[in-house]
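Everything on this sheet refers to the single structure shown next.
Please treat every number below as a calculation from the coordinates, not as lab data. Every value quoted in this text rests on a predicted model; they were computed, and no experiment measured them. Here the Cβ positions follow ideal geometry from the backbone for every residue, glycine too, while neighbour counts run over all protein chains shown.
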Amino acid sequence: MQPCNVIAIDANALPWEERFNKHLGRTLYRKNLVEDPDTGMEVRLVRYPAGVINTRHTHPCAHGMYVLEGTLVTHAGRFGPGNFVWFPEGETMEHGASPEGDVTVLFITNKPFEIHYL
């Protein structure tokens with residue numbers, strides 16, 4: 001039998017990591033799940049507090065957000081639970097939580113993550 005390389009993570013047991021965003025002056029929350037050191041790909045849970053919008057920015061990577069709870073507000077519309085939103089590399093974007101409540105997403109990048117505010 002081959003060695004098992006499967007990774008299983010109990011995300012409920014992980015604490016939320018507070019990440020203060022100097023540009024926004026607010027704290028965002030995340031739980032890192034998987035990172036590939038060869039490609040820089042990352043998978044994490046991200047929570048934006050109610051009303052917090054990550055203002056106009058770009059990334060040198062593509063990324064997707066699968067909405068788990070709340071409403072994801074973006075420059076392209078509003079998306080509730082069960083929606084998957086893919087942001088192409090280099091696109092100018094905004095995204096965050098509606099004023100009505102927090103939004104929690106499964107966040108996936110295709111290579112190392114950086115953010116560049118405009």
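Which order do Arg47, Arg19 fall in if you start with the one that has the fewest other Cβ atoms within 10 Å?
Numbers: Arg47 19, Arg19 11.
Lowest to highest Cβ neighbour count: Arg19, Arg47.
Which distance in Å, rounded to a whole number, links the C-alpha centroids of region 62-91 and region 1-61?
Result: 14 Å between the Cα centres.
Placing unit charges on C-beta atoms (Lys and Arg positive, Asp and Glu negative, everything else neutral), compute the dipole magnitude of region 20-117 about its Cα centre in debye, rounded to 20. All intermediate terms of the calculation are to be shown ahead of the outcome.
Numbers: 9 positive and 11 negative charges, 63 e Å.
Dipole of region 20-117, to the nearest 20 debye: 300 debye.
How high is the relative contact order of the chain, in percent, with contacts defined as C-alpha pairs under 8 Å that are six or more residues apart?
Values: 279 pairs, mean separation 34.7, N = 118.
Relative contact order of the chain: 29 percent.
Using the Cα atoms of region 20-117 to build a convex hull, what is its mean projected area in square nanometres?
Details: hull surface 22.3 nm².
Taking the Cα atoms of region 20-117, their convex hull projects to 5.6 nm² on average.
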